[in-house]
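Written below as structure tokens is the structure these notes are about.
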Amino acid sequence: MTDKSSEDELKSLRAELERLREEHRDLDAAIEALHQVGPVDQLQLQRLKKRKLTLRDRIAQLDDMMTPDIIA
């Protein structure tokens, strides 16, 4: 892979990572708002939490991809 394509890939990963982190924060806010409103639709809450966990896993995966391997 050339330096330019590596830079483009890294830039793309950073952009996706930031988008996912923003969506994760938005889901946090949505879950909190549901709790503040009163009676919570448990199915909706469960779906939001599942999506949040999926995002967390993808964020961790991207972080791992961006961290260089260190040879000990």
Count of the range 29-57 residues which are among the acidic types (Asp, Glu) and either closer than 30 Å to Pro68 by Cα or in contact with a strand residue (DSSP E or B) (Cβ under 9 Å, 6 or more places away or on another chain) (or both): 1
Could you please find all residues in the range 1-40 being surrounded by 11 or more Cβ atoms within 10 Å (Cβ to Cβ) and not in a helix (DSSP H, G or I)? Val40
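Matching residues to (1) without any contact (Cβ under 8 Å) to a residue 40 or more places away in the chain; (2) of a type in the set (A, V, I, L, M); (3) in contact with a His (Cβ under 8 Å, 6 or more places away or on another chain):
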| residue | (1), (2), (3) |
| --- | --- |
| Glu23 | yes, no, no |
| Gln36 | yes, no, no |
| Leu55 | yes, yes, yes |
| Arg58 | yes, no, no |
| Leu62 | no, yes, no |
I'd like to check something: does the range 56-71 contain any residue that is outside any helix (DSSP H, G or I) and within 21 Å of the chain's Cα centre (by Cα)? yes
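Read the figures in this text as sums done on the coordinates, not as results from a lab. This one's a predicted model, so the numbers in the text were calculated from it and none came from an experiment. Please note: Cβ atoms are built from the backbone with ideal geometry, for glycine as well, and neighbour counts cover all protein chains shown.
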